[in-house]
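Enquirer: Just passing along the structure, written as structure tokens.
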Amino acid sequence: MLTIESLACWLVDIPTIRPHKLSMATMGCQTLMIVRMQCAEGVVGWGEGTTIGGLSYGAESPEAMKLAIETYLSPLLCGQTFTGVAALTETMNASVKGNTFAKSALETAFLDAQGKRLGLPVSALLGGAIATRLPVLWTLASGDTDNDIDEGKRLLAEGRHDTFKLKIGARSLETDICHALAIKAALGESVSVRVDVNQAWDFTTAVKGMSALQDGGIDLIEQPIPLWDRQGLIALSQRFNVPILADEAVATSHDGYALASGGFSGAYALKIAKAGGPAQALKLAHVAQAAGVALYGGTMLEGTLGTVASLHAWSTIKMQWGTEMFGPLLLKDDIVVTPLSFNQGQVSVPQGSGLGIEIDCDKLRFYARK
Ligand code: MUC
Ligand code: MG
């Protein structure tokens with residue numbers, strides 16, 4: 001049982017270590033929407049809602065997440081007692097439609113507070129961890145082929161990552177194919193290289209593009225066509241040997257059910273923000289498991305808080321395609337006391353109670369939008 005006493009939100013702007021180029025936006029800065037949940041039992045929970053490129057990736061901006069919490073969700077939740085996330089979800093969904101990014105921040109904060117109160121890690125509240133370290137790839141997205149090759153070779157030599165994702169879709173098909181295949185050839189046969197098109201192609205372009213990428217040894221092709229084209233994604237998954245990773249097309253367990261029952265084969269990218277929180281993302285994972293669809297731990301390029309919330313959830317299930325929980329490494333700084341430890345292509349899941357991280361309130365104040 002936890003009684004929510006008050007909620008406070010901040011928009012925290014942190015520069016990225018280099019421009020990060022996606023098909024729909026170039027990021028030079030990331031905005032973390034941070035929420036602090038004070039509970040009557042004396043515990044405090046922290047949550048994060050983060051998206052990419054303002055409103056260019058998804059329908060909720062960081063500013064809208066803060067507004068949804070302050071104007072609608074806070075009056076609904078404050079003063080109420082909840083037995084766990086199931087009750088919290090029921091209450092939120094009964095009065096607030098959509099807004100899964102804001103709800104994800106709140107579900108995370110609730111799990112953090114509940115874990116601290118019970119002396120258990122968040123993973124224990126989600127079924128229990130089956131791993132303490134998870135594989136993490138890195139995204140090469142500087143926008144320049146030679147820079148990406150140098151970055152990839154450096155990270156391989158340092159032993160930090162052994163798997164890479166490339167962001168394509170902003171340029172012509174020919175340019176993108178040359179870019180991806182040059183990086184694959186330079187990094188070598190044993191290094192897994194995947195691409196994320198972020199919905200940029202139509203079906204015909206996807207057939208051409210997937211064929212060339214498959215022949216060039218690319219391992220996985222993420223969201224080649226728009227999220228609404230479910231039939232197209234199913235057809236592509238049946239046509240090619242190279243597997244498809246559905247990302248924007250699968251936000252919730254309902255999307256996962258519709259795709260799998262339509263004949264999709266491949267993998268789903270889980271993201272806590274798309275689903276409405278760590279526990280909601282696991283509902284999609286369970287639908288995938290029932291349908292024989294593989295899993296992948298996805299990111300909205302969160303800072304450490306949102307990344308750790310995801311890691312607790314991902315640590316309770318088998319991820320056939322690993323994870324991309326590298327968000328904190330893309331940021332010049334963060335708002336936690338102890339950064340996560342990334343090495344040998346893996347990240348360690350914090351083991352303390354709740355999320356197992358401590359917020360650096362001075363840094364939170366420093367980076368918070370005034
Ligand atoms: C996405 O669409 O997958 C994940 C890694 C990255 O660089 O961007 C994100 C978003
Ligand atoms: Mg993606």
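The values are calculated or read from the model by the stated rules, or taken from the named source; none is laboratory data. The structure displayed is predicted, hence computed values, not measured ones. No Cβ is skipped: glycine too gets one built from the backbone with ideal geometry, and neighbour counts run over all protein chains shown.
Enquirer: Would you check which residues across region 1-59 are touching a Phe, Trp or Tyr at 6+ places or on another chain (Cβ under 7 Å) and without any contact (Cβ under 8 Å) to a residue 24 or more places away in the chain and list them?
Expert: none
Enquirer: Please indicate, with yes or no, whether at least one residue in region 328-340 is within 16 Å of ligand 2 (Cβ to nearest atom) and at pLDDT 95 or above.
Expert: Filtering region 328-340 down to residues within 16 Å of ligand 2 (Cβ to nearest atom) leaves 330.
Cutting the leftovers down to at pLDDT 95 or above gives us 330.
Scanning region 328-340, I find at least one residue that is within 16 Å of ligand 2 (Cβ to nearest atom) and at pLDDT 95 or above, so the answer is yes.
Enquirer: Just one of L22, L32, L11, L2 is among the aliphatic types (A, V, I, L, M) and within 16 Å of ligand 2 (Cβ to nearest atom); which is it? Walk me through how you get there before you give the answer.
Expert: Values: L32 fails: within 16 Å of ligand 2 (Cβ to nearest atom); L11 fails: within 16 Å of ligand 2 (Cβ to nearest atom); L2 fails: within 16 Å of ligand 2 (Cβ to nearest atom).
Checking each option against the conditions leaves just L22.
Enquirer: Please determine, by comparing only the residues of region 80-94 that are surrounded by fewer than 12 Cβ atoms within 10 Å (Cβ to Cβ) and of a type outside the set (A, V, I, L, M), which one is farthest from P278 (Cα to Cα). Working first, answer last.
Expert: First, pick out the residues of region 80-94 that are surrounded by fewer than 12 Cβ atoms within 10 Å (Cβ to Cβ): 83, 86, 90, 94.
After this cut, where a residue has to be of a type outside the set (A, V, I, L, M) as well, the list is 83, 90.
Numbers: T83: 17, E90: 15 Å.
Restricting to residues being surrounded by fewer than 12 Cβ atoms within 10 Å (Cβ to Cβ) and of a type outside the set (A, V, I, L, M), the top hit is T83.
Enquirer: Which numbered condition trips up M65, out of (1) assigned to a loop (DSSP other than H, G, I, E, B); (2) touching a Phe, Trp or Tyr at 6+ places or on another chain (Cβ under 9 Å)?
Expert: (1)
Enquirer: Inside region 189-238, can you point out the residues that are in contact with a helix residue (DSSP H, G or I) (Cβ under 9 Å, 6 or more places away or on another chain), away from ligand 2 (no atom under 16 Å from the Cβ), assigned to a loop (DSSP other than H, G, I, E, B) and more than 24 Å from S261 (Cα to Cα)?
Expert: If the condition is that a residue be in contact with a helix residue (DSSP H, G or I) (Cβ under 9 Å, 6 or more places away or on another chain), away from ligand 2 (no atom under 16 Å from the Cβ), assigned to a loop (DSSP other than H, G, I, E, B) and more than 24 Å from S261 (Cα to Cα), then V191, G216, G217 are the ones that fit.
Enquirer: Mind listing whichever residues of region 321-339 are within 16 Å of the chain's Cα centre (by Cα) and not in a helix (DSSP H, G or I)? Spell out the reasoning first.
Expert: The first filter runs over region 321-339 and keeps only residues within 16 Å of the chain's Cα centre (by Cα), leaving 321-331.
Within region 321-339, W321, G322, T323, E324, M325, F326, L331 meet the criteria.
Enquirer: Would you point out which residue out of A249, A281, A269 is in a loop (DSSP other than H, G, I, E, B), within 16 Å of ligand 1 (Cβ to nearest atom) and of a type in the set (G, A, S)? So that I can check it myself, show each step before the final result.
Expert: Numbers: A281 fails: in a loop (DSSP other than H, G, I, E, B); A269 fails: in a loop (DSSP other than H, G, I, E, B).
The unique qualifying residue is A249.
Enquirer: Scan region 99-114 residue by residue and report those that are closer than 17 Å to T31 by Cα and of a type in the set (F, W, Y).
Expert: Residue satisfying the conditions is F101 alone.
Enquirer: Here's a check for you: in region 322-336, which residue that is crowded, with 24+ Cβ neighbours inside 10 Å and out of contact with any Ser or Thr (no Cβ under 6 Å at 6 or more places or on another chain) is nearest to A269 (Cα to Cα)?
Expert: Ranking the candidates gives T323 first.
Enquirer: Output the residues belonging to region 125-144 that are buried (at least 17 other Cβ atoms within 10 Å of the Cβ) and not in a loop (DSSP other than H, G, I, E, B).
Expert: L125, L134, P135, V136, W138, T139, L140
Enquirer: Given the options A182, A129, name the one that is away from ligand 2 (no atom under 16 Å from the Cβ), at pLDDT 95 or above and farther than 28 Å from G28 by Cβ. Lay out the reasoning, then the answer.
Expert: Numbers: A182 fails: farther than 28 Å from G28 by Cβ.
That would be A129, the only listed residue that is away from ligand 2 (no atom under 16 Å from the Cβ), at pLDDT 95 or above and farther than 28 Å from G28 by Cβ.
Enquirer: If you don't mind, another one. Just give me the residues in region 5-48 being in a strand (DSSP E or B), among the hydrophobic types (A, V, I, L, M, F, W, C) and out of contact with any strand residue (DSSP E or B) (no Cβ under 6 Å at 6 or more places or on another chain), in sequence order.
Expert: Going residue by residue through region 5-48, those that are in a strand (DSSP E or B) are 5-21, 26-39, 44-48.
Cutting the leftovers down to among the hydrophobic types (A, V, I, L, M, F, W, C) gives us 7-12, 14, 17, 27, 29, 32-35, 37, 39, 44, 46.
Matches in region 5-48: I17 only.
Enquirer: Could you say whether any residue in region 111-120 is assigned to a helix (DSSP H, G or I), under 19 Å from L364 (Cβ atoms) and not small (G, A, S)? Don't jump to the end; show me each part of the working.
Expert: Looking only at region 111-120, we keep the residues that are assigned to a helix (DSSP H, G or I), and these are 111-118.
Next, only the ones that are under 19 Å from L364 (Cβ atoms) stay: 112-113, 116.
Within this subset, residues satisfying the condition of being not small (G, A, S) are 112, 116.
Scanning region 111-120 turns up at least one residue that is assigned to a helix (DSSP H, G or I), under 19 Å from L364 (Cβ atoms) and not small (G, A, S).
Enquirer: Restrict the check to region 69-87 and report whether at least one residue is outside any helix (DSSP H, G or I), touching a helix residue (DSSP H, G or I) at 6+ places or on another chain (Cβ under 8 Å) and closer than 18 Å to M33 by Cβ.
Expert: no
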